[in-house]
Amino acid sequence: MMTLLDDMGRDDHLATPVIVIANRPDAGGLAKARANGVAAQCIDHKAFDSRSEFEDALHGVLLDAAPDLICLAGFMRILSAEFVAKWEGRILNVHPSLLPKYKGLHTHARAIEAGDDLHGCTVHHVTAALDDGPIIGQATVRIAADDTPESLAAKVLVQEHLLYPKALRIACESIIQN
């Protein structure tokens, strides 16, 4: 999230952050956003009786903020097809694998266990299907013989921080052209 905010702070960026939303009160990004002059709000999913109630609250906050794009970064909640449909084509996500490989969780361990030589990350548009939207960009890392899921995660995170800002710029340019 901070990588995106920092990149959007450059004079040549087409995007301006309007709000940072977290679903956990202890999310560190909330304080970081506020410290950088960006509105921040927690919508604690545990405070709602159902996913649809949580998503209704999230949708309302987003409507008020009026973003052109939504960038998921560390938001570990699966969004329903109904919610995604309301923001179709306007939600981006970064996933720690070279999609379509290793959708879901534990991607680093799965790549190591499979004996893959390459791993990486993908920025994609969010659709109703988990980790299955159109790909905007990917970045790769080599898997070393001594890599652990933790060491591989650290290498992939470096690439995520490079890739996501580039992908956001591509998505912004696409909006302007259309």
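Please compute the per residue accessible area over segment 55-178 with all protein chains in place, 1.4 Å probe, rounded to a whole number of Å². Walk me through the intermediate numbers first.
Numbers: 6560 Å² over 124 residues.
Accessible area per residue: 53 Å².
Per residue of segment 86-99, what does 6.51 cos²θ - 1.76 cosθ + 1.60 with θ = phi - 60° give for ³J(HN,Hα)? Whole Hz please, x for Gly and Pro, Karplus curve as stated.
Residue by residue, segment 86-99 yields 5, 10, 3, x, 10, 10, 10, 9, 10, 10, x, 6, 8, 4 Hz.
Under a 5 Å amide H to amide H cut-off, with H placed in plane at 1.01 Å, what residues pair with A40 once short-range neighbours are removed?
V20
Please work out the C-alpha center-to-center distance from segment 41-104 to segment 121-153 and express it in whole Å.
Between the Cα centres of segment 41-104 and segment 121-153 lies a distance of 19 Å.
I'm a student and want to see the number: the projected area of the Cα convex hull of segment 37-111, averaged over all directions, in nm².
Averaged projected area of segment 37-111's Cα convex hull equals 6.4 nm².
Would you mind checking which residues have amide H under 5 Å from L92's amide H? H placed 1.01 Å from N; only 5 or more apart, or other chain.
Long-range HN contacts for L92: I70, C71, L72, V126.
Rank I143, F54, L130 by how far each Cα sits towards the positive end of the charge dipole of segment 22-160 (+1 on Lys, Arg Cβ; -1 on Asp, Glu Cβ) and give me just the farthest.
I143
Could you work out the relative contact order of the chain, using alpha carbon pairs under 8 angstrom and six or more residues apart, expressed as a whole percent?
On the way: 256 pairs, mean separation 30.9, N = 178.
Relative contact order of the chain: 17 percent.
So which aspartates and glutamates can K101 reach, going by Cα to Cα under 12 Å and dropping same-chain residues fewer than 8 places off?
Reachable aspartates and glutamates: D116, D131, D132.
In segment 1-146, what percent of the accessible surface is made up of carbon and sulfur (1.4 Å probe, ligands and nucleic acids excluded)?
Values: 4040 of 7980 Å².
On segment 1-146, the fraction of accessible area on carbon and sulfur atoms equals 51 percent.
At a temperature of 10 °C and a viscosity of 1.306 mPa s, determine how fast the chain diffuses translationally according to Stokes-Einstein, using the Kirkwood radius over alpha-carbon pairs as Rh; express D in µm²/s, rounded to the nearest whole number. Don't skip to the answer; put the middle values down first.
Details: Rh = 17.1 Å.
Estimated via Stokes-Einstein, D reaches 93 µm²/s.
Sorting check: for 3-10, 144-151, which peptide has the highest mean count of neighbouring beta carbons within 10 Å, and how do the rest follow? Present the calculation step by step, with values, prior to reporting the outcome.
Values: 3-10: 16.2, 144-151: 11.4.
Order by mean packing, descending: 3-10, 144-151.
Calculate, in nm to one decimal, what D49 and D12 gain on full extension: separation in residues at 0.36 nm each, minus their alpha carbon distance. Don't jump to the answer; show the numbers that get you there.
Values: separation 37, 0.36 × 37 = 13.32 nm, distance 4.31 nm.
Extra length available between D49 and D12 comes to 9.0 nm.
With n ≥ 4 as the cut-off for DSSP H runs, can you work out [θ] at 222 nm for the chain, using -39500 (n - 2.57) per run divided by the number of residues, rounded to the nearest 500?
Working: 6 runs with 72 residues, N = 178.
Counting only the DSSP helices, I get -12500 deg cm²/dmol.
The values are calculated or read from the model by the stated rules, or taken from the named source; none is laboratory data. Remember, predicted model here, so these are calculated numbers, not experimental data. Reconstructed Cβ throughout: ideal geometry from the backbone, glycine too, with neighbour counts over all protein chains shown. Note: areas computed on protein heavy atoms with side chains; ligands, DNA, RNA excluded. Shrake-Rupley method; radii C 1.70, N 1.55, O 1.52, S 1.80 Å.
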